[in-house]
Amino acid sequence: MKTAFHIDELYLGHRTPAGHPERVERMEALLRLASRADELGVSVLPARRQATLLELARVHTPAHIDMIAATARQRATMLDPDTFTAPESYEIARYAAGSALDLVDRVMAGEFDNAFAAVRPPGHHAESARAMGFCLFNNVAVAAAHALARHGLERVMVVDWDVHHGNGTQEIFWNDPRVLFVSLHQFPLYPGTGTVDEVGGPQAGGRTINVPMTAGFGDAEWTAALRRIAGAAARMFSPQLVLLSAGFDAHARDPLGGMRVSTEGFAAMADEVLAIAREHAEGRLVAVLEGGYDVEALGASVEGMLRRMAGVPPGAAATDGTGDAFERVLADVRSAQAPHGSM
């Protein structure tokens, strides 16, 4: 397998206040990982371009883009209690989105089988007209819209396994039947969205599938949710490209979540998403970094995922001993989606 790992020191320039969870140390850990690229079997790619204003405007309003642009070269700006910009953040956020687009182009061209974009600021909370949850521009949404517009795709699947619901991606594609959005997330938890009955707009019923996971779920439940819910939905939708909002804050060590996923569990979760891409999209998968705030757990989990993406054989699979609580979640999701025949 040919796997691209995009990372660049420029992302260190997006600085947040002292004590903020989304801090430069996250990227430093992944830069150390990139120094072992030969061992991991991946090709490290630096930032090559920014997203253009037109590319951003496919998913964001002009007013939102202008608002983020106005923070450029200004001292630290607080957009909401969680979301900050530094003087360089606008330019860096455009590189983050542009690098996700670049990887989509490279994977669609067959240069790489799959790719991982280690970027910051993250993106999946950014709505069409609102920055929130550490996010300025919605990197994965910009990438999905680019795949549809530039490559003429008709069906793009976005899987989001961050511990927090991808409200921004959901809002942007709420009524777009070309995008299947499947989110696994802890519920209740910030941002408070992501219930099973949020299934998409009138033109896209069943194209949004939310899997609200109970605090304390671990490897078995998260892997089973990908296999039994995301996998089933993919068989109905038949995506031509799979995008992954790859947050690692469901890790047992993470300070912002309440889940028990292990480092090995994230590798098993990667296996499930890779299987979806192989079955339906000729293996085309582009993952984009979202959360993950324990630096050690983040580095180890991304390493395990990169090894899987590069073709290292999986180890022991997570057991499917999910228990009654997970089966109730699964039943609720199936009930909400039944009128739409989406899984």
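Structure above, values below:
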{"item": "F137 out of contact with any strand residue (DSSP E or B) (no Cβ under 7 Å at 6 or more places or on another chain) and not β-branched (V, I, T)", "result": "yes"}
{"item": "Unique residue being over 27 Å from P191 (Cα atoms) and in contact (Cβ under 8 Å) with a residue 60 or more places away in the chain when the list is L54, L33", "result": "L33"}
{"item": "Pair list, Cβ under 8 Å, 6 or more apart: the stretch 235-254 residue under 15 Å from D162 (Cβ atoms), other residue of a type in the set (V, I, T) and surrounded by fewer than 24 Cβ atoms within 10 Å (Cβ to Cβ)", "result": "H251/T263"}
{"item": "Residue under evaluation T77, criteria (1) buried (at least 19 other Cβ atoms within 10 Å of the Cβ); (2) at pLDDT below 95, criterion not met", "result": "(1)"}
{"item": "Helices (runs of 4 or more DSSP H) within the stretch 127-227 that include 1 or more residues within 15 Å of the chain's Cα centre (by Cα), touching a residue at least 24 places away in the same chain (Cβ under 8 Å) and under 22 Å from D82 (Cβ atoms)", "result": "139-150, 167-172"}
{"item": "Residue in the stretch 295-317 that is aliphatic (A, V, I, L, M), in contact with a Ser or Thr (Cβ under 8 Å, 6 or more places away or on another chain) and over 20 Å from L40 (Cβ atoms) present", "result": "yes"}
{"item": "Tabulated pairs, the stretch 329-343, first touching a residue at least 24 places away in the same chain (Cβ under 8 Å), second polar (S, T, N, Q) and part of a helix (DSSP H, G or I), C-beta under 7 angstrom, 6+ apart or interchain", "result": "M343/Q337"}
{"item": "Which listed residue, of L45, L40, L101, L33, is in contact with a His (Cβ under 8 Å, 6 or more places away or on another chain), within 22 Å of V312 (Cα to Cα) and not hydroxyl-bearing (S, T, Y)", "result": "L45"}
{"item": "A277 being buried (at least 24 other Cβ atoms within 10 Å of the Cβ) and either touching a residue at least 24 places away in the same chain (Cβ under 8 Å) or not aliphatic (A, V, I, L, M) (or both)", "result": "yes"}
{"item": "Residue check for L256: of a type in the set (A, V, I, L, M) and part of a helix (DSSP H, G or I)", "result": "no"}
{"item": "Check on I68, at negative phi and touching a Pro at 6+ places or on another chain (Cβ under 8 Å)", "result": "no"}
{"item": "Selection count, the stretch 233-253, where residues are surrounded by fewer than 20 Cβ atoms within 10 Å (Cβ to Cβ), part of a loop (DSSP other than H, G, I, E, B) and touching a Ser or Thr at 6+ places or on another chain (Cβ under 7 Å)", "result": "1"}
{"item": "Wholly enclosed helices (runs of 4 or more DSSP H) of the stretch 1-66 bearing at least 2 residues among the small types (G, A, S) and under 21 Å from the mean Cα position of the chain (by Cα)", "result": "24-34"}
{"item": "Answer residue from the stretch 242-265, given it is touching a Lys or Arg at 6+ places or on another chain (Cβ under 9 Å) and of a type in the set (A, V, I, L, M, F, W, C) and is nearest to E154 (Cα to Cα) among those", "result": "V242"}
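Conditions (1) at pLDDT below 95; (2) under 21 Å from L33 (Cβ atoms), marked per residue:
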| position | (1), (2) |
| --- | --- |
| H251 | no, yes |
| R260 | no, no |
| M269 | no, yes |
| E282 | no, no |
| Y293 | no, yes |
| P314 | yes, yes |
| R328 | no, no |
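Each row is one residue, and each column tells you yes or no for (1) buried (at least 18 other Cβ atoms within 10 Å of the Cβ); (2) modelled with pLDDT of 95 or more; (3) more than 24 Å from R150 (Cβ to Cβ); (4) touching a Ser or Thr at 6+ places or on another chain (Cβ under 8 Å).
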residue	(1), (2), (3), (4)
H6	yes, yes, no, yes
L33	yes, yes, yes, no
Q50	yes, yes, no, no
L53	no, yes, no, no
L56	yes, yes, no, no
H60	yes, yes, no, yes
T71	yes, yes, yes, yes
R94	yes, yes, no, no
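The values are calculated or read from the model by the stated rules, or taken from the named source; none is laboratory data. Fair warning: this is a prediction, and the values are worked out from it, not measured in the lab. Reconstructed Cβ throughout: ideal geometry from the backbone, glycine too, with neighbour counts over all protein chains shown.
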